[in-house]
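For reference, the structure discussed in these notes is given below.
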Amino acid sequence: MRNHPPRLTRISLKTPRAAAVAGILFGLLYGASLVLVRISIPEARSADAAWLESHSQTLSLALNLVPYAGIAFLWFIGVIRDRVGEQEDRFFATVFLGSGLLFLALTFVGVALAGGALAIMALGEASTSSTVYAYSRAVTYSLINVYALRMAGVFMVSLGTIWLRTGLMHRGWAFLTYTLALVLLLSTSLSLWVPLIFPAWVLAVSGYFLILNPTGSPAVHAQDLPSSTEAGGSGG
């Protein structure tokens, strides 16, 4: 009888519960940042000195939340990829990862631009009715509400397709994801509240993960389990 050494099972630290926690953190932090910005920035008029003085702290808080939301989103991406495991399709996995990273990069650039413009205006180097304010606002809007939002839509489409191909999520979630993604991809005259669709979707998906796995039991990967041949041999 040949003794087989015990096969160690790789217990993943990136469980569905970890994905849920990361996604919930991202949804709350990024959603709160968007809401704070929307209620602080005037839509139909240029900002003035009084506006800057009364809303600068709120905007600073909103901008400072984004890096932490980005960290949680990176963890969320990693956990989702780990969850798919060997069932991962290389094409859709590449689109999924690339669009997620591009979303973060564009969002960070937009937030950095906005923060720089606010810092310049707070120092009195430029008035809030100047070209600096108008340019910074236009570029930040384009980066976050156009380019980053489109990447978020691609991220959702690719993840919904992965769910359909692997069966890791109910088909209803995939179709809902497609519908919301099309809104982000095809909307031309966006409401200022449309970007909230993405963090709300991540929050809903994460809540579903948490309901499915409330105890946080570790994920055991199929490739780590002994095959039936090995099991039979060890039994003999």
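The values are calculated or read from the model by the stated rules, or taken from the named source; none is laboratory data. Note that the coordinates shown come from a computational prediction; the quantities given were computed from them, not determined experimentally. As a convention, Cβ positions derive from the backbone with ideal geometry for all residues, glycine included, and neighbour counts pool all protein chains shown. Remember, those area values only see protein heavy atoms, side chains included, never the ligands or the DNA or RNA. Shrake-Rupley method; radii C 1.70, N 1.55, O 1.52, S 1.80 Å.
Side notes on the structure shown:
- Of all residues in the range 135-190 being over 14 Å from the mean Cα position of the chain (by Cα) and of a type in the set (Lys, Arg), the one that is surrounded by the fewest Cβ atoms within 10 Å (Cβ to Cβ): Arg171
- Being under 28 Å from Tyr208 (Cα atoms), assigned to a helix (DSSP H, G or I) and at pLDDT below 95 is a description that applies to Ile77.
- If you go through the range 127-181 and keep only what is polar (S, T, N, Q) and more than 23 Å from Ala117 (Cβ to Cβ), you end up with Ser158, Thr161, Thr166, Thr177, Thr179.
- Annotation note: of Ala62, Ala138, the sole residue that is of a type outside the set (Asp, Glu), farther than 30 Å from Ala22 by Cβ and at pLDDT 80 or above is Ala138.
- If you filter the range 125-154 down to residues that are part of a helix (DSSP H, G or I) and touching a residue at least 60 places away in the same chain (Cβ under 8 Å), you find that the one that is nearest to Leu196 (Cα to Cα) is Arg137.
- Any hit, the range 91-99, residues being open to solvent by 80 Å² or more (accessible area, probe 1.4 Å), in a helix (DSSP H, G or I) and touching a residue at least 40 places away in the same chain (Cβ under 8 Å): no
- Filtering the range 191-212 to residues that are crowded, with 22+ Cβ neighbours inside 10 Å and either among the basic types (Lys, Arg) or touching a Pro at 6+ places or on another chain (Cβ under 8 Å) (or both) leaves only Phe209.
- Pairs, first within 19 Å of Phe209 (Cα to Cα) and of a type in the set (Gly, Ala, Ser) in the range 17-35, second open to solvent by 50 Å² or more (accessible area, probe 1.4 Å) and in a helix (DSSP H, G or I), C-beta under 6 Å, six or more apart: Ala20/Leu210; Ala22/Trp75; Gly27/Leu203
- Checklist (1) open to solvent by 40 Å² or more (accessible area, probe 1.4 Å); (2) at pLDDT below 80 applied to Ala47, failing item: (1)
- Among (1) part of a helix (DSSP H, G or I); (2) in contact (Cβ under 8 Å) with a residue 40 or more places away in the chain, the one test that Leu168 misses: (1)
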